[in-house]
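Heads up: the structure comes next, in structure tokens.
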Amino acid sequence: MNPSCERVVVFGATSAIAAEVAGVLAARGARLFLVGRDAGKLTAVARRCGTAVVGTRVADLIDLAAAPGLVDEAARVLGVGSGLPDGFDLAVIAQGWLGDQLESERDGAHARAVLETNLLSAVALLVPIANRLEAQGSGHVVVLSSVAGQRGRPRNYTYGAAKAGLTVYLQGLRTRLFPRGVRVSTILLGPVDTPMTAGHRKHILFGRSDRVAAEILRAVDRGGGEVFVPWFWRYIMAGVQATPESVVQRLPFLSGR
């Protein structure tokens, strides 16, 4: 068992990818505290993880003011019976919502909800998590971001803007915490075949949640940094980023809806 994964809190634990990650960590012998919005799904994930789960909390992570309390609760519950002070070794932040791009262009409230879900709710958790791990002098934070944040494209630029902001925030956080021995991993996900993408036409580049979870955990074992998952998106996005905007605007597969 990797000692950096002995006590784990998973936010957004009911997402398909997070549930897979939690299941693997449970099999490794981790102690888990799971946070999710849907009570029924959270119960199902906890049942799958068995006795590894020492606590769960139903919470809407869009309630930004509640974030510090959730972090404190996770630290307290994971500390009980561990022989260690209150705290955790690994925090996984996995909530996300694609929203509807066209709706976000018509309705400011919808755009705000996309930004809150994908950026602000993560930052609200990262502030108390970072402060706790900085004081602790150890730990690892893993946050699911997206390749959508690597380039603004008409089909998903509201979601992409939120993920771009999250990726930049994590870059700064990673450098801030490095001297204290705290690792920060940004998982730059390509599209994955999950309920979140149920309405999207699938193609060969879509990942599978179980394989994606395995790659995420390999990244955890290796340490901090930015990791493209699946791996080939590093090369795809390097090409997309290097393409001038004037060219992108004339390429339907990049500029289309």
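A compact table of results
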{"read-out": "Stokes-Einstein translational diffusion, region 124-257 - Kirkwood Rh over all Cα pairs, 0.692 mPa s, 37 °C, in µm²/s", "value": "205"}
{"read-out": "Neighbourhood net charge (14 Å Cβ-Cβ; Lys/Arg +1, Asp/Glu -1) for ASP63", "value": "-1"}
{"read-out": "Rg to Rh, two decimals, where the chain supplies the alpha carbon set and Rh follows Kirkwood", "value": "0.96"}
{"read-out": "Charged-residue dipole, Cβ positions (Lys, Arg, Asp, Glu), region 102-257 about Cα centre, Debye nearest 20", "value": "260"}
{"read-out": "Local net charge near LYS41, Cβ-Cβ under 14 Å (Lys/Arg +1, Asp/Glu -1)", "value": "+1"}
{"read-out": "Whole-Å semi-axes of region 74-155's equivalent ellipsoid (Cα gyration tensor)", "value": "34, 13, 10"}
{"read-out": "DSSP beta bridges in region 1-134 [antiparallel fraction, %, rounded to 5]", "value": "0"}
{"read-out": "Mean residue ellipticity (222 nm) of the chain, computed from DSSP H runs ≥ 4 via -39,500 (n - 2.57), nearest 500", "value": "-14000 deg cm²/dmol"}
{"read-out": "Distance (nanometres) between label positions extended 7 Å along Cα→Cβ at LEU254 and LEU205", "value": "1.1"}
{"read-out": "Extension gain from SER138 to ASP72, taking 0.36 nm per residue of separation minus the Cα-Cα distance", "value": "22.1 nm"}
{"read-out": "DSSP bridge pairs, the chain: antiparallel proportion in percent, nearest 5", "value": "0"}
{"read-out": "Per-residue Cβ neighbour rank within 10 angstrom, fewest leading, ASP210, ASP100", "value": "ASP210, ASP100"}
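Taken together, the values in this text are just the output of simple stated rules run on the coordinates, not laboratory data. Owing to the predicted nature of the structure, the values given are computational and were not obtained by experimental measurement. Every residue, glycine among them, receives a Cβ derived from its backbone with ideal geometry; neighbour counts consider all protein chains shown.
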